[in-house]
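Have a look at the structure below before the remarks.
Nothing in this text is a laboratory measurement; each read-out follows from the coordinates by a stated rule. This one's a predicted model, so the numbers in the text were calculated from it and none came from an experiment. As a convention, Cβ positions derive from the backbone with ideal geometry for all residues, glycine included, and neighbour counts pool all protein chains shown.
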């Protein structure tokens, strides 16, 4: 690939580095390199020691990995039910897919009395003080998708308005998110919004 072609590819929003792919997949860069070596992720092109992939290929791999993990979870839970057992690993199976920095918030509940209380939900005979693992995963998946959409939106606005600074662009987008959340149009908490904006900044890498 010529230098001109490399420069053109570098400006393509559908091309990501191994480090960027690692952020999308929530894995290490070394693991992404291994996926490429094992032909599980197609290499788009290499420039020196740097290797690049198509964003579409990375997202397709992520979707497949999620589907496989969810199917494995279902099979594990069905097996435990047939055996009349509750397997702790079944409940925990989705947790590795949720980053440690994603908000894990208690339930919002109105309880009478002046003494401190803990709100619990009974689901399938088990008490939960917060979200179930699959509920947590769904909220994480939704928030990560929102962060990626907002990053793409910021990139488009930057192309349309080259006079804007990156920080102005990001702050403008954040104000829009705050407005939609306040109006009840987007069902995310304040902590989740902060995480979405943080993740959006990571995707932008400005």
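Values as computed for the structure displayed
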read-out: Convex hull volume per residue in cubic angstrom - Cα atoms of the range 9-60; value: 68
read-out: Residues 192, 33, 171, sorted so that the one with the fewest Cβ neighbours within 10 Å comes first; value: 171, 33, 192
